[in-house]
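**Student:** Below you'll find the structure I mean.
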Amino acid sequence: MAVRTRFREEVESKVKEALSDMGCDVRFDIEVPSTWVADLAVPCFTLAKVLRQAPQAIAADLCKRIVCDGAVNSVEDVNGYLNFHIDQDVLVRETLKDIVSAGPDYGKHPAKGVKVNVEHTSINPTGPIHVGRARNPIIGDTLSRCLRRCGYDVETEYYVNDVGKQVVLLTWGVRNIPASEVDPSDRDKNDHRLVPYYRKANSIMEEDEAVREEISSMLQRFENGDQEVIAKVREVAEMMLEGLRETLDTIDVRLDRYTWESQYIADGSARKVVDSLKESSYCGDSDGAYHLELKDFGIHGKNTRFTFTRGDGTTLYTTRDLAYHLDKFDRADRAVDVLGEDQKLGSQQLTAALQILGSDKKPEAMFYSFVALPEGKMSTRRGTVVYLDDLIEEAVERAYEEVRSRREDLSEEEMRRIAVITGVGAVRYNIVRVQPEKKMVFRWEDALNFDGNSGPFLQYSHARACSILRKAGDFERTVDEGLLTDDYERRLVSVLSMFPEVIRDCGENKRIHMLPSYGHELASAFNQFYAAVPVLNSGDRRDSRLTLVDCARMVLKETLYTLGIIAPEEM
RNA sequence: GGGCGCGUGGCCUAGCCAGGAUAUGGCGGCAGCCUCCUAAGCUGCAAGUCAAGGGUUCGAAUCCCUUCGCGCUCGCCA
């Protein structure tokens, strides 16, 4: 058992015992104090009523009855609190032993045998990814990594929306407009190259009635399940997706599976959903278009009507999404959807409809706010847009300038490699450090921050640890708490010991923004130790300190890995 | 207008779900630190009506109500 867990359990049983000693058996809270006054505290204010004594008196009384042993080093009563201190020797010994024996698996929870599907990104294949939506792949990928570390069997999935007017129009454009008639693209990459065709197709359609009809007939055939049209559109969507995948690849986001929306038209499962919903008592229709009335499902206002077929009987996006979710539920125990905040109502309606379909599972949605520019919302049409490709390129370029200015000993190739790792690290870290539901304003100065609370700050600590170990050569790994007595050493160990709990919180509660926060705390503790405590020239403490450095290095590396960021050995 | 979300020093942000002790860090500012393991670092200082008001409570950034500001949403679009 992890030391901190053991410490908490011991505190709990000691307080419980002391209370029953006093003849009462009440619930009490154990909290982590906001300041460094204690490792754990029990406020006695709630006990005051039951015991009819002042909280201060209760705390003092309890304090006297508690015998400190095991992981509990001491307890004192302060202003109605019982303040517990963890035994530093136990903390150091147990934590470092855990890390040394578990290695890279430290903080990895045992396999749960639960399969979780995480759907993320799912950006429409009609243009390059812009930073307004860049939170999606980064949040989704980080969450997946946290869940895996929590012991879940995770499959990540991109739902490709290859159905609808947008993609059909794009397909028409790509197949009918000669290359000579479109503007050159700003980047030689499929997603960027296809955009001019989309723009051109749009303007042609607006002027040409015949084209408009052609497109609408294509759409009609598509939605009726015409395999030939579906295949054509799919082909173009594949091309676009190839570009998007390249972008995702540069930020180390790789999905296990791509599922095409058209599949649910082609295999008839969307049709089955329609038939099944029509049987429901919540179903109604107007002019042949069917809908569900959802006011009994916690949906308020005038959003209670959920339409699932058009008047001509064809299915809608939401209908296909129902078929898709039923499919996911067949394949996994849980389904997580990482969605933009504009999907909130839709997701709520989807959940209600799934319930009506008799599904016993519910999708777990995770919403994020769109990233905006200082001057407002990003808009491709107004040209106020920053592509993720541009952001990455700029970040890598800036990182390159950084390495070059401080490491003239490295080869060009090594500097380039480090620049990519730190530039991408800065971008990913900057996006995931903020709570997803908080709105974010994109500023180059924040996105390209390499100091303080940033990805490179963590990477730098890791590189420093590697550097010490490299210079140390062979050493004996020893855990001797008697040789690690410095405040900086103990503070570092204390942070290391929190890792398993942090991972649990990130995965189980989907609070992934706590991971960068933890990483910063860890890197900061390491840097303080680094500045204050010599390692290589520390006589008989050398091996112990090197062991500590190696443990820190490992946890730093695993923290970065779980954030989807590479830990460079030098920078 | 209805629904949902957000509002914490000049700027960004943690804590809010499970109320508790002097509100977490960072950026920027100011003052220091490279004869020592990478200064993308370390140390110190200044800077806060936790949007506003009310309520619950021994105790509220945290829970409840009202107001204001911002975002999203309210399609037989995807």
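**Student:** Just to be sure I understand the filter: pairs with C-beta atoms under 7 Å, separated by 6 or more residues or on different chains, first member in segment A:25-37 and open to solvent by 70 Å² or more (accessible area, probe 1.4 Å), second member at pLDDT below 85. Which pairs pass?
**Tutor:** none
**Student:** Now for a separate question. For segment A:38-64, which positions are more than 9 Å from RNA strand B (Cβ to nearest atom), of a type in the set (D, E, K, R) and loosely packed, with under 14 Cβ neighbours inside 10 Å?
**Tutor:** A:52, A:64
**Student:** Then there's this: Might you let me know whether segment A:458-479 holds any residue that is part of a loop (DSSP other than H, G, I, E, B), touching an Asp or Glu at 6+ places or on another chain (Cβ under 6 Å), of a type in the set (D, E, K, R) and farther than 23 Å from residue A:527 by Cβ?
**Tutor:** Yes, the conditions are met somewhere in segment A:458-479.
**Student:** Moving on. Could you figure out which of (1) over 30 Å from residue A:414 (Cα atoms); (2) within 11 Å of RNA strand B (Cβ to nearest atom); (3) touching a residue at least 40 places away in the same chain (Cβ under 8 Å) isn't true of residue A:500?
**Tutor:** (2)
**Student:** Report yes if some residue within segment A:162-169 is part of a loop (DSSP other than H, G, I, E, B), away from RNA strand B (no atom under 14 Å from the Cβ) and surrounded by fewer than 24 Cβ atoms within 10 Å (Cβ to Cβ); otherwise report no.
**Tutor:** No, segment A:162-169 has no match at all.
**Student:** Quick check: is even one residue across segment A:471-484 more than 7 Å from RNA strand B (Cβ to nearest atom) and out of contact with any helix residue (DSSP H, G or I) (no Cβ under 8 Å at 6 or more places or on another chain)?
**Tutor:** Looking for residues that are more than 7 Å from RNA strand B (Cβ to nearest atom) and out of contact with any helix residue (DSSP H, G or I) (no Cβ under 8 Å at 6 or more places or on another chain), one finds at least one in segment A:471-484, hence yes.
**Student:** Does residue A:361 qualify as being assigned to a loop (DSSP other than H, G, I, E, B), within 26 Å of the chain's Cα centre (by Cα) and away from RNA strand B (no atom under 12 Å from the Cβ)?
**Tutor:** Against the criterion (assigned to a loop (DSSP other than H, G, I, E, B), within 26 Å of the chain's Cα centre (by Cα) and away from RNA strand B (no atom under 12 Å from the Cβ)), residue A:361 qualifies.
**Student:** Also: Let me confirm something: among A:446, A:409, which residue is open to solvent by 20 Å² or more (accessible area, probe 1.4 Å), assigned to a helix (DSSP H, G or I) and at pLDDT below 95?
**Tutor:** A:446
**Student:** Let me ask something else. Filter segment A:455-468 down to the residues that are open to solvent by less than 30 Å² (accessible area, probe 1.4 Å) and more than 14 Å from residue A:515 (Cβ to Cβ) and list them by number.
**Tutor:** Once the filter is applied, which keeps residues that are open to solvent by less than 30 Å² (accessible area, probe 1.4 Å) and more than 14 Å from residue A:515 (Cβ to Cβ), segment A:455-468 yields A:456, A:459, A:461, A:462, A:463, A:465, A:466, A:468.
**Student:** Output the number of residues of segment A:331-351 satisfying the condition of being more than 24 Å from the chain's Cα centre (by Cα) and either without any contact (Cβ under 8 Å) to a residue 40 or more places away in the chain or more than 20 Å from residue A:292 (Cβ to Cβ) (or both).
**Tutor:** So the answer is 0.
**Student:** Here's something else I'd like to know. Is at least one residue of segment A:488-495 away from RNA strand B (no atom under 15 Å from the Cβ) and either crowded, with 17+ Cβ neighbours inside 10 Å or polar (S, T, N, Q) (or both)?
**Tutor:** Yes, some residue in segment A:488-495 is away from RNA strand B (no atom under 15 Å from the Cβ) and either crowded, with 17+ Cβ neighbours inside 10 Å or polar (S, T, N, Q) (or both).
**Student:** Taking segment A:286-313, which residues are over 21 Å from residue A:365 (Cβ atoms) and near RNA strand B (Cβ under 8 Å from one of its atoms)?
**Tutor:** Within segment A:286-313, A:286, A:287, A:288, A:289, A:291, A:302, A:309, A:310, A:311, A:312 qualify.
**Student:** Which of the residues spanning segment A:1-58 are polar (S, T, N, Q) and within 41 Å of the chain's Cα centre (by Cα)?
**Tutor:** Once the filter is applied, which keeps residues that are polar (S, T, N, Q) and within 41 Å of the chain's Cα centre (by Cα), segment A:1-58 yields A:5, A:13, A:34, A:35, A:46.
**Student:** A further question on this structure: Being in contact (Cβ under 8 Å) with a residue 12 or more places away in the chain and part of a loop (DSSP other than H, G, I, E, B) is the filter; apply it to segment A:255-267 and report the residue that is farthest from RNA strand B (Cβ to nearest atom).
**Tutor:** The qualifying residue farthest from RNA strand B (Cβ to nearest atom) is A:256.
**Student:** Tell me which residues, restricted to segment A:373-406, are among the aliphatic types (A, V, I, L, M) and assigned to a helix (DSSP H, G or I).
**Tutor:** A:388, A:391, A:392, A:395, A:396, A:399, A:403, listed by residue number.
**Student:** Something else now. When the residues of segment A:170-199 are filtered to those that are at pLDDT below 95 and of a type in the set (Gly, Ala, Ser), which remaining residue is least open to solvent (accessible area, probe 1.4 Å)?
**Tutor:** Selected residue: A:185.
**Student:** Any idea which of A:280, A:276 is open to solvent by 30 Å² or more (accessible area, probe 1.4 Å), among the small types (Gly, Ala, Ser) and in contact (Cβ under 8 Å) with a residue 60 or more places away in the chain?
**Tutor:** A:276
**Student:** Looking for whichever is open to solvent by 20 Å² or more (accessible area, probe 1.4 Å), touching a strand residue (DSSP E or B) at 6+ places or on another chain (Cβ under 7 Å) and of a type in the set (Lys, Arg) here; the options are A:310, A:381. Which one fits?
**Tutor:** A:310 is the lone residue from the list that is open to solvent by 20 Å² or more (accessible area, probe 1.4 Å), touching a strand residue (DSSP E or B) at 6+ places or on another chain (Cβ under 7 Å) and of a type in the set (Lys, Arg).
**Student:** Next up: Could you check segment A:528-541 and list, in sequence order, the residues that are near RNA strand B (Cβ under 6 Å from one of its atoms), in contact (Cβ under 8 Å) with a residue 40 or more places away in the chain and surrounded by fewer than 16 Cβ atoms within 10 Å (Cβ to Cβ)?
**Tutor:** A:528, A:536
**Student:** Would you check which residues across segment A:72-125 are surrounded by 19 or more Cβ atoms within 10 Å (Cβ to Cβ), within 16 Å of RNA strand B (Cβ to nearest atom) and under 30 Å from residue A:390 (Cβ atoms) and list them?
**Tutor:** Passing the criteria: A:119, A:120, A:121, A:122, A:123, A:125.
**Student:** Same structure again: Keeping to segment A:485-511, report how many residues are farther than 30 Å from residue A:336 by Cβ and either part of a loop (DSSP other than H, G, I, E, B) or in contact with a helix residue (DSSP H, G or I) (Cβ under 7 Å, 6 or more places away or on another chain) (or both).
**Tutor:** Of the residues in that region, 9 qualify.
**Student:** Taking the stated definitions as given, is residue A:435 open to solvent by less than 70 Å² (accessible area, probe 1.4 Å) and within 6 Å of RNA strand B (Cβ to nearest atom)?
**Tutor:** Here the answer is yes, as residue A:435 does meet what is asked.
**Student:** On to the next question. Report yes if some residue within segment A:224-246 is at pLDDT 95 or above, under 25 Å from the mean Cα position of the chain (by Cα) and surrounded by fewer than 17 Cβ atoms within 10 Å (Cβ to Cβ); otherwise report no.
**Tutor:** Within segment A:224-246 (the criterion being at pLDDT 95 or above, under 25 Å from the mean Cα position of the chain (by Cα) and surrounded by fewer than 17 Cβ atoms within 10 Å (Cβ to Cβ)), the answer is yes, since at least one residue qualifies.
**Student:** Sort through A:425, A:383 and tell me the only one that's more than 7 Å from RNA strand B (Cβ to nearest atom) and at positive phi.
**Tutor:** Exactly one of A:425, A:383 is more than 7 Å from RNA strand B (Cβ to nearest atom) and at positive phi, namely A:383.
The values are calculated or read from the model by the stated rules, or taken from the named source; none is laboratory data. Here the structure is a predicted model, which means the values were calculated and not measured. Cβ: placed from backbone, ideal geometry, glycine included. Neighbour counts: every protein chain shown. Accessible surface areas use protein heavy atoms only, side chains included; no ligands, DNA or RNA. Shrake-Rupley method; radii C 1.70, N 1.55, O 1.52, S 1.80 Å.
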